[in-house]
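The structure under discussion appears below in the form of structure tokens.
Just so you know, all these numbers are worked out from the coordinates, no wet-lab data involved. Note that the coordinates shown come from a computational prediction; the quantities given were computed from them, not determined experimentally. For neighbour counting, all protein chains shown are included, and Cβ atoms are generated from backbone atoms with ideal geometry for every residue, glycine included.
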Amino acid sequence: MKLIRGLQNLQRAGIDSASGCVLTIGNFDGVHRGHQALLTRAVELAERYGVPATVLSFEPTPREYFSGERAPARVSNLCTKLLDLGSFGIGQVVLHRFGSAFAQLEATVFVRDVLASQLGVRAIVIGDDFRFGARRAGDLEMLRREGARLGFEVDGIASVCAEGLRCSSTALRDALAVPDLTHCEALLGRPYRLVGRVRGGLRLGRTLGMPTANVNLRRQPALRLGVYAVEARALNSDGTGGEFLPGVANLGVRPTLGLTRCLLETHLIDHSEDLYGRLLEVRFRQFLRPEQRFDDLSALSAQMQRDKSDAAAFFASKSTGPA
């Protein structure tokens, strides 16, 4: 999958109105089943038109731009989102910076200058509640009118529901905050996961007898901080990987050490492969306990061993093991 950082780099990436694309637009935070319906339809239309299926997304998200620190936490990090988009057959992602100029862009100008002139859309797939442009003035009906005038197809997709609730990033955030991993899986159609590159850390886990693969998270995700029974595997750059291995992971800021940056620390049970520099996929299977501060490293080490035993017991209780 090709990643283009900014609309200003479209031509450098070989994308123009002549080459064309089928487009879907959104934050795609979590890539839940509603998002998946959009992606699947975009890929179908792209095959029909013989052009790439393309996602236009934004950094920061519009809500983060307007709300600042009051914006809700993200369901997943950027690395996870890009891999999720690629797994559904998206050929290219345009990741554009959302700033004041873009926020003030009138809906009709966005359609004419961005969709038609820059991207050359043959078709666009959006949710039936999609709004865009300054003052959120653009909607599905307006886009259909402009599409008829400018010569591209517009396909509106109805909301998708799971367990009686509309699949949305908001519903995912609510479930992750509990955390209700079973409901998350229903909304996603798969276990909740985070993916990131393993970086060097303090090596404290190794000192305490439980070496961990550490993924720094730029933003604290919506998932409740704490300790989880997880399945993890190293990934190749295309998102493929081997079998999942059982483990225990701490998602948190490590208050015992007086730190504040969010980190995902994963210990693979009975596995000692060096994962530094590799992409690591971590699937969250069972919440074990909240994050807490310990009086000293001895108390922390004892709790880590109990966490490891609890995670091993969880997987042992599954007749088929990790799935």
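Brief remarks follow.
- Neighbour-count ranking [beta-carbon atoms within 10 angstrom, fewest first] of His267, His35: His267, His35
- Listed from fewest to most Cβ neighbours within 10 Å, the set Glu243, Glu281 follows the order Glu243, Glu281.
- Mean-position separation - Cα centroids, the stretch 218-272 and the stretch 105-171, in angstrom: 36 Å
- Net charge dipole, the stretch 1-145: roughly 100 debye, given to the nearest 20, about the Cα centre with Cβ charges of +1 for Lys and Arg and -1 for Asp and Glu.
- Residues of type lysines that Lys2 reaches as a straight line, Cα spacing below 24 Å, ignoring anything fewer than 8 places off in the same chain: Lys81
- Mean residue ellipticity (222 nm) of the chain, computed from DSSP H runs ≥ 4 via -39,500 (n - 2.57), nearest 500: -8000 deg cm²/dmol
- Normalised convex hull volume, the chain, alpha-carbon set, Å³ per residue: 142 Å³
- Surrounding net charge for Glu47, when Lys and Arg each add one and Asp and Glu each subtract one, Cβ distance under 12 Å: +2
- Value of D in µm² per second that Stokes-Einstein yields for the stretch 2-158, Kirkwood Rh from Cα pairs, at 4 °C (1.567 mPa s): 83 µm²/s
- With N counted as the residues of the stretch 192-316, its alpha-carbon radius of gyration over 2.2 N^0.38 Å works out to 0.97.
- Here Ile4, Ile124, Ile269, Ile25 are placed in order of increasing Cβ neighbour count within 10 Å, fewest first, which gives Ile269, Ile4, Ile25, Ile124.
- Summarising the strand pairing of the chain, around 60 percent of its internal DSSP beta bridges are antiparallel.
- Once the Cα gyration tensor of the stretch 5-52 is diagonalised, semi-axes √(5λ) in Å: 22, 16, 6
- A simple charge model with +1 on the Cβ of Lys and Arg, -1 on the Cβ of Asp and Glu and nothing else charged puts the dipole of the chain at about 560 debye relative to its Cα centre.
- Proximal charge balance of Arg261 [Cβ under 11 Å; K/R count +1, D/E count -1]: +3
- The chain, relative contact order [Cα under 8 Å, separation at least 6], %: 16 percent
- Cα-centre dipole for the stretch 192-316 with unit charges at Cβ (Lys and Arg positive, Asp and Glu negative), debye to 20: 460 debye
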